[in-house]
Every structure is written in structure tokens, then in C-alpha cells.
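Novice: I'd like to ask some things about the structure below.
The values are calculated or read from the model by the stated rules, or taken from the named source; none is laboratory data. As the structure is a computational prediction, the values presented were derived from the model and not from experiment. FYI the Cβ positions are ideal-geometry reconstructions off the backbone, even for glycines, and counts take in every protein chain you see.
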Amino acid sequence: MKVRVELRKKIDESYDIIIEHGRSKTLAKEIIKGGFGRKYCIITDSNVEKIIGKKLLAQFTKEKTSAKMISFPAGEKSKNLGTVSGILEKMLLLGFDRKDCVVALGGGVTGDIAGFAASIYMRGINFVQVPTTLLAMADSSIGGKTGVDSKLAKNSIGAFKQPKRVFICSEFLQTLPKKELVNGMSEVVKHAIILDKGLFSFIENSRKKILSLDKKTMAFLAKKNCEIKGGVVEKDEKEENLRKILNYGHTIGHALESLGNYSKLKHGEAVSIGMIAEAEISKALGLMNEGEVEKIKKLLKAFGLPTKLPNYDFKTIIQKTSSDKKAVSGQVFYSLPKRIGKMHSINGRFAIPVEDSIVIKALAVCKK
């Protein structure tokens, strides 16, 4: 005897990324116009709450639309289930329901936390992304990956939850300290390495304009990065194959973040070191030549990003990579560049297993 439940679905989760300098002045009005919810829950961190959050909340009030703000202590250390649980309890107390919408206002940590909360609150409600850091604008606000860290591994608990819209207001970058701006450049450089040699050259030639937040330059960078990340996600939303190239630098990078208890290295800094380590792995496998590795290293250094491995035991790093969410049955897979703008693949697969001896050889080079 058998009873079948037919649940075949075709869902359109397409969304627009709106990029505009100065849009922050009318942001609440634009969000309301989208019709994403009846009430809005702004989720942000303690830093952004003071600088941007209160202004956005006032905009909703001016538009006579109900909105409440929930904040958590700024920093990667807040990216855990405890923070999400606290947010969910507050949302319940404030009376939010399935017809309401979360506004993720902040950097990558906020986007991941708020998006995850939206994905599980009452089994899922709408959310929009309003990234305020370069890292979030270029990478984490796009693609629908949400989640939190555990003591064992970064981003190990989460869900795919696509936003209804992404609003990129480049003027928010002016509120960032230089270190935070530089932190975001690692993901920008990563996108160039994996898919766009021309973008890599543009970044090489535009360093001063980028660091001075030249409007035209930053608008171009934002659009280009959104096109690259969005294009990959369109082809492989759930990371079956092609989307794995976005993990370049992250296998080693996430291990370094975790070993530092998410406080010694910022995400972009860890990814910067991870990109060099994984480029060295590629070189050790005979895929990437020395000149290409040095070009990557030179560009990251030019922005003040670290390229040398911290003083961690190599075997401990490898052990930590095996608990990464991208590992399969303890087997670690790497997405490796063949040259700047081109990723390596075998039989159409973009992630390959690498022997520990090769990884150790590459890590040793990164210590020098």
C-alpha cells in the first residue's frame, strides 16, 4: 500500500539588486513600495544601529509604516545560534507574523544572521538586504546563503534564503573605517581572479580611486561584482558545481577564522591569506604559474591585506578544513584558479580533492 504526496513546484525567486548613490535618503519609501510586508523588522548590529539604523527607523515612521529595530553586539562572535534565538524571541514579542518582512541592515554578519532568522521565523518570511560594507555589497548580500558559525566550523548552520530585493547605497561606504573597506576588497579581488581578468587589471590600476571611494569607480565595482556573483548563482543556486568557484580562498580562510576564534582575523583578511594558500596549492599541482601567484599576492598587499599564514600548526589547519561544511565525508575539496580569470575543472567539476602533503607544502610557502 502506498500513498503519494505530489509536491512538484516551480518557484520564481528572482530579485533585483538596486545600486544607487544617495538612495539611503528614501530607502524606507523604496522598501515599502516593494510591498514585501505589512510591518518591518530591521535587524542590525550595535554599530550600524547608531550610525544608520535609527535614521532608517525614523524614515519608516515618517511614511506611517510600522517598523521596529532589533540589534545585537557587533562582530563575528555574535554570529551564533544564541543571537538568532534572541532575535526570534524578540520578533515574537513584537508581534511579527508571516505577512511581515525582515530588513537586514549591515555587513556580512548581519546579513547572514538576519537572513537565517527570516528563513526560520514562522517557517519563513520575506527579507530584504541593505548591505552597508563593501564585503556585503560585493558578495554576501547576494546569493541567498544565510547562517551562523558553530564552535567547530564557520557557517556550518544555515539555510538558502533568497532576499526579495537588495538595495546597495554606496554612500554607506563613507561610514566605514579604512580597515573595514580594505577587508571587503578581498572578495572583490576574488571575483576578479575566478572569472574576470579585465576586472583584475582594473583593480590594479584603480587602487587610489577605490581607497578614496571615488563614486564612479565604486559604482562600477559594485555593478561588476553583482553581475559576477549573480551570474554564478543564476546557474547554480544551491552550489551543486559552478557556485563552488566562489569558495576560492575560503576553505583555508574559514579554517583560519575558526582557529582564531573569529576574533584574530576578519573574514576578508582570512580569505586573503586563504587565496594565497590555495593559489600555492594550485601551483604545487602544476596548474598555476609562479608569476600569476605573485600578481595576486602583490595586489592583495597593495590594499594592505595579509598574505602570510599565522602561526598555526599545519596539521591543525588541515584538521579544521575537514570539518568545513564543504567537506564530504571528511574529504576536503578545493576550487583552484588555473590562471587569473580562469578556474580549474576536471570533467566539468570545479572542486577537487587535494592530498594533505600538497596542502602542507603550500602552507609552508605561505609562512615565509
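Novice: What's the number of the condition residue 104 fails, among (1) assigned to a helix (DSSP H, G or I); (2) modelled with pLDDT of 95 or more; (3) within 30 Å of residue 271 (Cα to Cα)?
Specialist: (1)
A quick yes/no check of all residues on (1) crowded, with 23+ Cβ neighbours inside 10 Å; (2) under 15 Å from the mean Cα position of the chain (by Cα); (3) farther than 21 Å from residue 146 by Cα; (4) not assigned by TED's automatic domain parsing to the domain that holds residue 166:
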site	(1), (2), (3), (4)
237	no, yes, no, yes
253	yes, yes, no, yes
256	yes, no, no, yes
264	no, no, yes, yes
269	yes, yes, no, yes
282	yes, no, yes, yes
286	no, no, yes, yes
312	no, no, yes, yes
319	no, no, yes, yes
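Novice: Report whether or not residue 269 is closer than 27 Å to residue 181 by Cβ, among the acidic types (Asp, Glu), touching a residue at least 24 places away in the same chain (Cβ under 8 Å) and out of contact with any Cys (no Cβ under 7 Å at 6 or more places or on another chain).
Specialist: yes
Novice: Let me ask something else. Just name the residue that is farthest from residue 154 (Cα to Cα) out of those in region 48-76 that are in a helix (DSSP H, G or I) and basic (Lys, Arg).
Specialist: Per the criteria, the residue is 62.
Novice: If only one of 33, 79, 29 is closer than 30 Å to residue 154 by Cα and modelled with pLDDT of 95 or more, which one is it? Walk me through how you get there before you give the answer.
Specialist: Numbers: 33 fails: closer than 30 Å to residue 154 by Cα; 29 fails: closer than 30 Å to residue 154 by Cα.
Of the residues listed, the single one that is closer than 30 Å to residue 154 by Cα and modelled with pLDDT of 95 or more is 79.
Novice: Need pairs with beta-carbon distance below 7 Å; first residue polar (S, T, N, Q) and within region 226-249, second not in a helix (DSSP H, G or I); sequence gap 6+ or separate chains.
Specialist: So the pair list comes out as 241/349; 241/350; 247/326; 247/335.
Novice: Give region 35-47 a look and list any residue that's closer than 15 Å to residue 125 by Cα and not in a strand (DSSP E or B), or say none.
Specialist: Those that are closer than 15 Å to residue 125 by Cα and not in a strand (DSSP E or B): 35, 36, 37, 38, 39.
Novice: Which of (1) over 30 Å from residue 240 (Cβ atoms); (2) charged (D, E, K, R); (3) in a helix (DSSP H, G or I) does residue 99 not meet, given it meets every other one?
Specialist: (3)
Novice: Could you run through region 26-48 and say how many residues are closer than 12 Å to residue 72 by Cα and surrounded by 21 or more Cβ atoms within 10 Å (Cβ to Cβ)?
Specialist: The qualifying residues number 5.
Novice: A further question follows. Consider residue 85 carefully, then state whether it is under 24 Å from residue 143 (Cα atoms), more than 19 Å from the chain's Cα centre (by Cα) and surrounded by fewer than 18 Cβ atoms within 10 Å (Cβ to Cβ).
Specialist: Yes, satisfied.
Novice: Give me the pairs, please: first residue somewhere in region 280-293 and over 17 Å from residue 194 (Cβ atoms), second residue anywhere and among the basic types (Lys, Arg) and not in a loop (DSSP other than H, G, I, E, B), beta-carbon distance under 6 Å, and either six or more positions apart or on two chains.
Specialist: 284/361
Novice: Let me ask something else about it. Only one of (1) over 24 Å from the mean Cα position of the chain (by Cα); (2) buried (at least 18 other Cβ atoms within 10 Å of the Cβ) is not met by residue 348, so which one is it?
Specialist: (2)
Novice: Something else now. When you scan region 228-238, how many residues do you find that are touching a Gly at 6+ places or on another chain (Cβ under 9 Å) and not basic (Lys, Arg)?
Specialist: The qualifying residues number 4.
Novice: Further question on the same structure: Hey, any hits in region 329-337 for a residue that's surrounded by 19 or more Cβ atoms within 10 Å (Cβ to Cβ), under 21 Å from the mean Cα position of the chain (by Cα) and among the small types (Gly, Ala, Ser)?
Specialist: Scanning region 329-337, I find at least one residue that is surrounded by 19 or more Cβ atoms within 10 Å (Cβ to Cβ), under 21 Å from the mean Cα position of the chain (by Cα) and among the small types (Gly, Ala, Ser), so the answer is yes.
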